[in-house]
Amino acid sequence: MAFPQPRPQAPQLPQHLLRTIDCQQGAVRAVRFNVDGNYLLSCGSDKSLKLWTVSRGTLLKTYSGHGYEVLDADGSYDNSQLCSCSSDKTVILWDVATGQVTRKLRGHAGKVNCVQFNEEATVILSGSIDGTVRCWDTRSRRFEPIQVLDEARDSISSLKVAQHELLTGSVDGRVRRYDLRMGQLHVDFIDSPITCVCFSQDGQCTLSSSLDSAVRLLDKSTGEMLGEYKGHKMKGYKLDCCLSSKDTHVLSCSEDGHVYCWDLVEGSLSLKLPVGKAVVQSLSFHPSETRLLTAMEGRVQVWGSEPEETMDDPTQT
Amino acid sequence: MASDSDSDEDFVTYGTPLEPLEEDEPLKKPIPLHEQTVKDEKGRYKRFHGAFTGGFSAGYFNTVGSKEGWTPSTFVSSRQQKAEKHNARPEDFMDEEDFSEHGIAPREITTSQEFSSGHRDETREKARAVNAQAALIPGDTLLEELIAPAQSSIGVELLRKMGWREGQGVGPRVKRKPRRQHTKLYGCAMPPAGSEESEDDEEEFAPENVTFAPKDVTPVDFTPRLGLQGLGYSGLDPGLALLGQGASEHINLFNPQSETRGQLFGDKQKHTRRGGVAGQAFGVGALEDDDEDIYHRDSMSRYDTVLGGEEPGDGLYGWTAPQQYTKRKDKNKDALYLGKILEGFTLAQKPAEEKTIFPPPILPRDYRPVHHFRPVIQVSRLSGVSPALAEALKSSRGHMTKDEPQQEGRHQLDSGQRRTLLGEETLQGPTSVMELLRPEDRERLQNIRNSSNLPPTKTTTSQTSHEALRPAGMSAGPSALSGVMSSSVQQQQQQQQQQQQEALTMWRGVQTSSQTFKPFEKNPSKQARYELYLNRLKQGDKDALEQSLDLGMTEWERSREREEFVRASILYRPSSSSLSSRFTRAKHQEDEDTVEVNRDQEGDVDDKQAAVKMKMFGKLTRETFEWHPDKLLCKRFNMVGLDINVMIFLTSF
């Protein structure tokens, strides 16, 4: 006997600003939720990586060790390790509790734009401006990557890892999906430099934003375009885009200081968050709830679907 | 001691006397070095301020070493006096070493102005000073200093005043006999004989009490030898060359009284002729039977001036004959050596080794040292060329020798041989181009061949090459090329005319299809003119070439084009019928300059871009490639279900 499923709610949007965290890190280059959404990582231009709580916005730890701006970070599934990449061409594997550098992975020829753990945190994948994606082994103590993927002809701006797939977006205008299980590489030509790619939660689609101010949803298997979302401004900067936790909406940063949120199916603009005046550099959606992190200049904003007083119970009808 | 001085003795004592040595006391050991210290009355070590260790303090004991002490020299307590401005010269910071001869600021002793010049004109100096004021740079006498007259030093002036002259030695006067005149001697010079022989004749020459100035010292030449000559070489001795004696005395040309000068100019004649032997040296005398002519003047040339017998050998080497010419090998070779052996050297025991000279290679009888380049023809570009012709063209050397078909490897085979090697069956259809031609054409070609055999020009070599190569018409290709290589213009013209004839006959009545090779594809106007020419040829127009040239070009360009058209028309003649169907034009024009290497062989980007513009994502924009993850990567991604062996195989590339 199964309990009836809870009534499906109307999709909620993170429209309320819950708090603003002044990170004191120079400019925040990337903001990321951890795997469960309770903590956030902010990558600063002052070479530091900071760990904060989301609920209170308190700084837990600062990780210093990079030689230049930190551009991206990711946390492991068990919250014991962090990986971060920087303009100093290195990828660092941190121990969360002690704050020590576990491994410093060198090999890229230029600044490393994006980094992510795989599901079991056994491999770190990093994409760099030198056009390569390097897969680093966290288990062994080897200095060389396990594999170097150099099919791209220009800088790798973004990468995402799923179960057995790797999605990379490159400035040469192509989204490459490496299927490890099938041993295939699928290249989708977008024609405009790609700033961010991400998988959908159901694993059927890929989202990519490019410098022609368009965010496109492509079918994974055929490469057909399922949706195109426009209205924001993305002409020069590498800005993030993402899908909401239930794949209902497409969110993207914009250079005009807003975060645009479109309905995935209809393609209409549902929400335009006024973050500020400057370019919204990065955003990250909570893995399960309706919570959004945005980064603009030196501050991180936390957005939720409900205003602050009733923040602790977001699952309300 | 005190009592000593008090006694009435004449001793006066000074100083403290030594302590009387007591015998039974043991001898003191000498004080070791580290205890040889001097202490003052309070027991403090006495300072010597660098006296025994090489430093200097110049009186500023324990101080900073200047008159002012620790206070800086520029600082003075203000109210009373101002600080003196001490402009430090670099000499202030130098020490004795720097001022010495090898230092950086050596102080030389030079003669001062008063003692340097011989004759100083006061008025001239003043005039110079006045001029200097008005000169370009006032006060500076640069120009005058540049053209200063030679001034002799004060020492020379003093000597002159004491009676010295240039060329004389310095010192007390000596009494010496003036040397007698030496006759000119070649070869080994006898040492100047002692003056005792000539004393008698010289006595009336020189009065007794005359003293002469000593001989001047010949300046020793310290210049290093920079030449490339061997050891011991000293060059031409001017004394020997001009005077017949060594350069014992400096030749002074300016002193009219010098003896050497007299010898140099003009006075030589009377001295040398005196050396001739008057009369006969031997056999003349009162008691001799043979009464030779006593007035016979003998000349010295009849006599040897060198001791020793006749030179062995052919006399080529003179007295520097190499060793093998002297028969006396047992005796001391050094003494026998008639040349000059350098100091410290001795003659070798063994002669030097002779170099082996290898003779040049023997040339074959018919070898002509002329190189002919092999004509390289792009055979692949020709349409209607049979494989046999292609082979023949490739291997032809442009002259008349007929190559026997040699088994030089698989590149020298023709298509038929290769076919048999590979075991293929023969092609159906005509084997020779001749069979493809129409019979009239064939006859025409034969006629041309025969007719062109008649004029005996340099093209005879090309004619026989016609026979060497089977197919007609194309054979004119290499002959054309070799013909062009000949430098004579006349022959070229004749050749051209022949070619034109050939071209005419070949092209008459031939249809060109669109598949014909266009030799001047890259130059459309030229191609157009060429086609016009071809058309005219086809119509049998004799002046096709002239009419097709562009009158707008220069004469030289036209002649070039003429040649090119003729050659092209002969070379690139299309074949008729089925042979042309065996070949087809390439789809892409090969541009040999750039080679595009397309990785992954991605499809045409333009199509994709068009698709993106039209928003037709999907098949047009997607491409799939094979990609192999590393084995370890698969393991890390938990894909253990895969066949690892396959993965290893695939990733091993």
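Just so you know, all these numbers are worked out from the coordinates, no wet-lab data involved. From a predicted model like this one, the values you see are computed outputs, not experimental measurements. Cβ atoms come from the backbone with ideal geometry, glycine included; neighbour counts cover every protein chain shown.
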- Computed P(r) (all Cα pairs; region A:131-273; 10 Å bins; percent): 12, 42, 32, 12, 2
- Message: Using only the alpha carbons of region A:220-315, what is the convex hull's orientation-averaged projected area in square nanometres?
- Response: 7.2
- Could you list, in their original order, any pairs among A:LYS230/A:LYS272; A:LYS220/A:LYS272; A:LYS47/A:LYS89; A:LYS47/A:LYS104; A:LYS220/B:LYS635; A:LYS220/B:LYS615 whose Cα atoms are separated by more than 18 Å? A:LYS220/A:LYS272; A:LYS220/B:LYS635
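P(r) tail for chain A, what percent of Cα pairs lie past 25 Å?
46
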- Taking a label point 7 Å from the Cα of A:ALA109 along the Cα→Cβ vector, which residues of region A:115-140 have an amide N closer than 14 Å to it? A:128-134
- Anisotropy class of region A:186-238 from Cα gyration tensor, a/c 1.5 cut: prolate
- Task: Tell me the label-point distance for the pair A:ASN79, B:LYS613, using the 7 Å Cα-to-Cβ offset, in nm and rounded to one decimal.
- Result: 5.3
- Query: Can you work out ³J(HN,Hα) from phi for every residue in region A:272-281, in order, using Karplus 6.51 cos²θ - 1.76 cosθ + 1.60 and θ = phi - 60°, giving whole Hz and x for Gly and Pro?
  - Reply: 10, 7, x, 7, x, 9, 8, 5, 7, 7
- Query: Among A:VAL197, A:VAL259, A:VAL101, which one moves the most in a GNM of chain A with springs linking Cα atoms closer than 10 Å?
  - Reply: A:VAL101
- Could you order peptides A:202-210, B:88-96, A:135-143 by the average number of other Cβ atoms within 10 Å of their residues, highest first? A:202-210, A:135-143, B:88-96
